[in-house]
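Visitor: Below you'll find the structure I mean.
Please treat every number below as a calculation from the coordinates, not as lab data. Here the structure is a predicted model, which is why all the values come from computation and not from measurement. Cβ coordinates were reconstructed from backbone atoms using ideal geometry, including for glycine residues, and neighbour counts include every protein chain displayed.
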Amino acid sequence: MVKPKSFIDKVEIVAYGGDGGNGCVSFRREKYVPRGDPNGGNGGNGGDVVLTADKNLYTLLDFYYNPQLKAERGENGKGKMMTGEDGKGIASKVPVGTLVKDPETGLVLCDLVRDRQSYIAAKGGKGGRGNASFKTSTEQAPRYAVKGKQGECVRLLLELKLVADAGLVGFPNAGKSTLISAISSARPKIADYPFTTLVPNLGVVYVNNDKSFTVADIPGLIKGAHKNAGLGHDFLRHIERTRIILYVINLKPFENRKPSDEYKILYEELKCHKKELIEKPFLVILNKLDLLENRKEIDEFIKETGVKKKSVIAVSAKDGINLEKLVEQAADLIENKNI
């Protein structure tokens, strides 16, 4: 078995609701009462399988190892009008932002976007009726009962889309990991080679004592990502829930590209994946300011891309230059303030 990465954002599961307990056929047996009344109890209901969103979870890893969720069946009914106990349900926690889909059609059954929001994935079966419930004025001694109904068996696709206020997007080695570690408590792996970040990272950025926001570092995109090149579709969807986009552009990019080239490619990739992404409020972060000798590259970037100057900020994540200003501008943009 291949050991998975710790971050799992898509997994298929099977949920089994518990079967209902069977109804009981029984008659009252007492001395000197030769024909006792029917007293068979009803069966208990089967347990439900419930998915509940939890803001403290960030991966579907548990479901990778345990893809089958089985609730308990209801207890059978008993004599003396005793109803069987209901089966225990299963309450499985999933990260906030989990989509529950039909794996065959792709239909979204539920979107768990709020903490403690729940969805019944598989209902338990109803318990069967005992013979006591069938007694009527014309049928005083029914000798039959009903079996409990089977619980639902449902195959589901769980797909996680991170919920964050801001999403960092950029090419490999743009400095996103260094940036998120500098402005938040997140501690991603950092190294000088492409695709250091293979999983999204979430961090909380504190603006002041009363204000904070969450930021997601989306793994490096490349040209053709919307066609699933590189990490492609695996992580493009995580940008969809962010309120603002933070383009992280390397002022000294590899492969003889210009900073404006990187921005244009990223812009087109987001547009091709989902047009709504380019309509989100955004900032362009020109990173690695410490490597520049003058502002020529910054001025050229603004001229070649047409991005408004107020939406561009040059920083050095490594040396901490302009990070406080960046955090304040991002917070204002999230709150729909003019910057």
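Visitor: Positive end of the charge dipole of the chain (Lys, Arg +1 and Asp, Glu -1 on Cβ, about the Cα centre): tell me which of V204, L323, P67 has its Cα farthest that way.
Guide: P67
Visitor: In Å, what Kirkwood hydrodynamic radius results for the chain from the alpha-carbon pair distances? Could you put the intermediate results ahead of the total?
Guide: Details: mean 1/r = 0.0426 Å⁻¹.
So the Kirkwood estimate lands at 23.5 Å.
Visitor: Right, something else. Restricting the count to DSSP beta bridges whose residues both fall in the chain, what percent are antiparallel, rounded to a multiple of 5?
Guide: Working: 30 of 55 bridges.
Among the beta bridges of the chain, antiparallel pairing accounts for roughly 55 percent.
Visitor: On to the next question. Per residue of the chain, what 222 nm ellipticity follows from adding -39500 (n - 2.57) for every DSSP H run with n ≥ 4, rounded to the nearest 500?
Guide: On the way: 6 runs with 55 residues, N = 339.
Taking each H run of at least 4 residues, the total per residue is -4500 deg cm²/dmol.
Visitor: In debye to the nearest 20, how big a dipole does the chain give about its Cα centre with +1 on each Lys and Arg Cβ and -1 on each Asp and Glu Cβ?
Guide: Values: 53 positive and 43 negative charges, 242 e Å.
Dipole of the chain, to the nearest 20 debye: 1160 debye.
Visitor: Take the Cα of K252, step 7 Å along the line toward its Cβ, and report every residue of segment 276-298 whose backbone nitrogen sits under 20 Å from that point.
Guide: Residues 285-298 qualify, since their backbone N sits under 20 Å from the label point.
Visitor: Just list whichever of K275/K325; K274/K310; K176/K325; K123/K149; K70/K147; K101/K123 have alpha carbons separated by over 22 Å in the model shown. Before the final figure, lay out the partial values.
Guide: Details: K275/K325 29 Å; K274/K310 25 Å; K176/K325 17 Å; K123/K149 11 Å; K70/K147 20 Å; K101/K123 16 Å.
Table pairs above 22 Å Cα-Cα are K275/K325; K274/K310.
Visitor: Hey, can you grab everything whose amide H is under 5 Å from the amide H of K10? Only 5+ residues off in sequence or another chain; H modelled, so Pro and N-termini drop out.
Guide: The list, which skips near neighbours in sequence, is L160.
Visitor: If you find the alpha carbon centre of segment 68-113 and of segment 114-181, how far apart are they in angstrom?
Guide: 4
Visitor: A further question on this structure: What does the charge count near N208 come to, summing +1 for each Lys or Arg and -1 for each Asp or Glu among other residues with Cβ under 12 Å from its Cβ? List each step's numbers first, then the result.
Guide: Values: positive: K211; negative: D210, E324, E328.
Computed value for this residue: -2.
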